[in-house]
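Derivation of every value follows stated rules applied to the coordinates shown; laboratory data play no part. Keep in mind it's a predicted model, so treat the numbers as computed, not measured. Cβ coordinates were reconstructed from backbone atoms using ideal geometry, including for glycine residues, and neighbour counts include every protein chain displayed.
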Amino acid sequence: MSLISPGLALCVLLATTYGAVFHLWRDGGYGMLVRYLLAAWGGFALGQLAGWLGGWEFAMVGQVHVLEGTLGSGVLMMIVQWLTTSPSTPTRERRG
């Protein structure tokens, strides 16, 4: 008897990998790692839902919509990064 389904394990593994790699790429602290992991998990779940509701069967591994989950994770992590990054202060142009 397995404690977790193989499809769920694959989803969690892929989303965790995406969140960790995005964190290494964007160079954040531990707080950002948690945010990126949550965004990756949530985005993958939303991608799974979109693939299931849309009836798409492209790039599936078993019952896992890999393409849709990957896109969902990527989009949500970019949104989180955009929302948590402070904008740079504009520089004044010297006149004269």
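Being over 12 Å from the mean Cα position of the chain (by Cα) and of a type in the set (G, A, S) narrows it down to one residue among G47, G42, G28; which is it?
Details: G47 fails: over 12 Å from the mean Cα position of the chain (by Cα); G42 fails: over 12 Å from the mean Cα position of the chain (by Cα).
None of the other options fit; the residue is G28.
Any residue that is in a strand (DSSP E or B) and either in contact (Cβ under 8 Å) with a residue 40 or more places away in the chain or surrounded by 14 or more Cβ atoms within 10 Å (Cβ to Cβ) (or both) - is there at least one of those in the stretch 65-77? Give the steps one after another, and end with the answer.
Of the residues in the stretch 65-77, the ones in a strand (DSSP E or B) are 65.
Now drop any that are not either in contact (Cβ under 8 Å) with a residue 40 or more places away in the chain or surrounded by 14 or more Cβ atoms within 10 Å (Cβ to Cβ) (or both), which leaves 65.
Yes, the stretch 65-77 contains a residue that is in a strand (DSSP E or B) and either in contact (Cβ under 8 Å) with a residue 40 or more places away in the chain or surrounded by 14 or more Cβ atoms within 10 Å (Cβ to Cβ) (or both).
Does the stretch 1-12 hold any residues that are surrounded by fewer than 19 Cβ atoms within 10 Å (Cβ to Cβ) and within 15 Å of the chain's Cα centre (by Cα), and which are they?
Of all residues in the stretch 1-12, those surrounded by fewer than 19 Cβ atoms within 10 Å (Cβ to Cβ) come to 1-10, 12.
Matches in the stretch 1-12: L10, V12.
Quick one: which of A50, A15 is part of a helix (DSSP H, G or I), surrounded by 15 or more Cβ atoms within 10 Å (Cβ to Cβ), on the phi < 0 side of the Ramachandran plot and free of Cβ contacts under 8 Å to residues at least 24 places away in the same chain?
So the residue among A50, A15 that is part of a helix (DSSP H, G or I), surrounded by 15 or more Cβ atoms within 10 Å (Cβ to Cβ), on the phi < 0 side of the Ramachandran plot and free of Cβ contacts under 8 Å to residues at least 24 places away in the same chain is A50.
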